Amino acid sequence: MKLELPYHLENYIDGYLIAPLNGTFSDNYNPATGEVYAQTPESGQRDVELAVTAAKKAFPSWSKTSSETRFRILNRIAELIEEHLEFLAIAETNDNGKPLWLSKQVDIPRSSSNFRFFATGILHFASESHAMEDRAINYTLRQPIGVVGCISPWNLPLYLFTWKIAPALAAGNCVVAKPSEVTPATAYLLSKICMEAGLPSGVLNIVHGSGPVVGEAIVTHPDVKAISFTGSTAAGARIAGIAAPKFKKLSLELGGKNPALIFADCDWEKTMDEVVRLSFSNQGEICLCGSRLLIEASVYSKFKEAFLEKVQRLSVGDPMLEASRQGAIVSKVHYDKILRCIETARKEGATVLIGGHSIQPKGRCENGYFIQPTVLEGLGPNCQTNQEEIFGPVVTLQSFETEAEALELANATSYGLAATVWTSDLARAHRLSAKLEAGIVWVNCWLQRDLRTPFGGVKNSGVGREGGWEALRFFTEPKNVCIHFG
Ligand code: NAD
């Protein structure tokens, strides 16, 4: 199979690639050049209706398909993603603005491993049984839910899309999925891959379009029994408000304002390199990026100097070039938002230590959306800049005197997604890990991914967990069967 990206992308419904029923498309921009390079379906409620009907029709057969066969098809999808890694990575870079090397090394390989992990996972998925001594035995039947909705954001387009779809399909559900309207290209290409892999018609349906129209049509549809959503806290709250009274199962992976706690006793060189990475990877557009760097006062000046020296060397430019450590911001709308946030920080009294402005690389990217990595200091913990997610290449520096103060600063936001701790004191690492209000704590590392572990946040960063057995449990309905023999 040769993958191609047509100018007009199409929905994938009931095994076919089709235009939206209303015939409407919106422009899809390459953020590195600011030019339109494709058009995305602006689907409506009727397309979602078609997709749900197809999924319902496919469910009886797919849910009874043996796990061995499901494994084979999903594993084939993983293989095809690997075979087309280069093409998928280029498509993603043109869609999202991230560096091509990053897409090749991280996003696309991880998309493939999502499918492989859950393809094999379903072969080993087991449920519990509880014996009541000489009276009865209980066992838990875990059955697929039916039609489920998967809605994903633009920052890791194929990686997060497949992170939801793969466990949902592995568990025997049929899916109506919506990628972000900002980055639809790799989801379109996944449709082609699924067709090639022999996924039966209607098992996965992909409807492109906006959140308020297509996303909400999926969430409100009475036949969609569970929603797995990754995106902003505001959209998550709206979805929860719609879905809760309908008693749908919900998994919400939302925003973050993640702290990095840097202690004087850390492994200095390693910490410096990793803190630069956790601050600015993917232009800071990873929900797990650290955006509040908390530094022990005794090494604050030393840290600041070394950090700025490294940030200074991060080259921002054409994402197709190997040398570019940072690419373009995903869209004009998001670019404007980040620049506004930097303005707000200035008004709040921040000192801009580095960056703080957009840049125009020469040549083909001169009209793209590029922002210099930005480091701010002089802000208190309660200001807007330290409270609200910016989701761009902007970090703040704050200092602390004691471990207790570090913890207080770290927990001083409404979010609770991820935190990192940089120390060589093992006891401290354990103490803080238990007390940090976060769903994920990394000690002396960042973005290590073990697919078996639960993934998700607390507080305004969401409810529910993805990853490993948690995802397979989410996408199955447990039924307790109690057999009395006493
Ligand atoms: P977003 O909330 O604007 O959109 C996410 C998805 O939801 C898109 O597909 C969008 O079309 C859809 N959507 C928007 N409104 C909707 C509605 N009312 N009903 C149904 N669907 C709707 O988020 P975004 O700007 O695409 O992504 C950035 C956000 O995602 C950041 O806040 C980031 O922290 C978060 N994020 C979280 C995680 C995580 O795992 N916790 C991972 C990546 C990104």
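The values are calculated or read from the model by the stated rules, or taken from the named source; none is laboratory data. Note that the structure is predicted; figures quoted are calculated from it, not measured. Cβ sites come from the backbone with ideal geometry, for glycine too, and all protein chains shown count toward neighbours. Each accessible area value is taken on the protein alone, full model and side chains, heavy atoms only, with ligands, DNA and RNA left out. Shrake-Rupley method; radii C 1.70, N 1.55, O 1.52, S 1.80 Å.
Couple of notes before you dig in:
- Per-selection Rg to Rh, the chain - Cα, Kirkwood hydrodynamic radius: 0.99
- Only one residue of 260, 301, 386 has its Cα farthest out toward the positive end of the dipole of region 258-450, where Lys and Arg carry +1 and Asp and Glu -1 on Cβ, and that residue is 386.
- Counted residue by residue at 0.36 nm each, then reduced by the alpha carbon distance between them, the extension gain from residue 445 to residue 309 reaches 46.9 nm.
- Interchain or long-range residues, amide H under 5 Å from residue 370's placed H: 329, 359
- Working from label points 7 Å from Cα in the Cα-to-Cβ sense, the residue 244 to residue 347 distance is 3.2 nm.
- Amide H contacts of residue 258: 291, 292, each under 5 Å away and 5 or more positions distant or on a separate chain (H built 1.01 Å from N in the peptide plane; Pro and chain starts excluded).
- Residue 426-residue 484 FRET efficiency (beta carbon distance; Förster radius 51 Å; 0.05 resolution): 0.50
- Three principal axis extents describe the C-alpha atoms of region 258-450; from largest down they are 52, 35, 31 Å.
- Within region 279-365, GluC sites (Glu not before Pro) in DSSP loop having at most 11 other beta-carbon neighbours inside 10 Å: 322
- Estimated vicinal HN-Hα couplings, Hz - region 250-260 in sequence order (Karplus 6.51, -1.76, 1.60; Gly, Pro = x): 10, 10, 10, 10, 10, x, x, 9, 7, x, 10
- For region 298-338, the direction-averaged projected area of the alpha-carbon convex hull comes to 4.1 nm².
- Alpha-carbon centroids, region 17-87 and region 387-415: separation in whole Å: 39 Å
- Förster radius 22 Å - calculated FRET efficiency between residue 138 and residue 469 (Cβ-Cβ, nearest 0.05): 0.70
- Among the chymotrypsin sites (Phe, Trp or Tyr not before Pro) in region 215-313, those located in a DSSP loop and surrounded by at most 13 other Cβ atoms within 10 Å of their own Cβ are 247.
- A cut-off of 5 Å between modelled amide H atoms, ignoring neighbours fewer than 5 places along the same chain, links residue 320 with 100.
- Reachable lysines, given that their alpha-carbon falls under 29 Å from the alpha-carbon of residue 337 and they are not under 8 places away in the same chain: 98, 104, 164, 178, 257, 304, 310, 347, 362, 459
- Projecting the Cα atoms of 418, 356, 278 onto the dipole axis of region 258-450, where Lys and Arg carry +1 and Asp and Glu carry -1 at the beta carbon, places 356 farthest toward the positive end.
- Here the sum of -39500 (n - 2.57) over DSSP H runs of 4 or more residues, divided by the residues of the chain, equals -11500 deg cm²/dmol at 222 nm, to the nearest 500.
- Within region 78-191, the percentage of alpha carbon pairs spaced more than 16 angstrom apart rounds to 63%.
- Karplus-based coupling profile of region 22-31, in residue order and whole Hz: 7, x, 9, 10, 10, 6, 10, 9, 8, x, with θ = phi - 60° in 6.51 cos²θ - 1.76 cosθ + 1.60 and x standing for Gly or Pro.
- Magnitude of the charge dipole, region 258-450, Cβ model with Lys/Arg +1 and Asp/Glu -1, debye to 20: 540 debye
- For region 66-132: rounded, prolate or oblate by the Cα gyration tensor [a/c cutoff 1.5]: prolate
- DSSP bridge orientation in the chain - percent antiparallel, rounded to nearest 5: 45 percent
- Length gained on full extension, residue 332 to residue 232: 34.2 nm, using 0.36 nm per residue less the C-alpha separation.
- Percent accessible area from carbon and sulfur atoms, region 200-354, protein chains only, probe 1.4 Å: 58 percent
- Along region 214-223 the Karplus relation, 6.51 cos²θ - 1.76 cosθ + 1.60 evaluated at θ = phi - 60°, assigns HN-Hα couplings of 6, x, 5, 5, 5, 5, 7, 4, x, 8 Hz to successive residues, with x for each Gly and Pro.
- When only Cα pairs below 8 angstrom with a gap of at least 6 residues are kept, the chain shows a relative contact order of 19 percent.
- Projecting the alpha carbon convex hull of region 244-359 along each direction and taking the average yields 10.8 nm².
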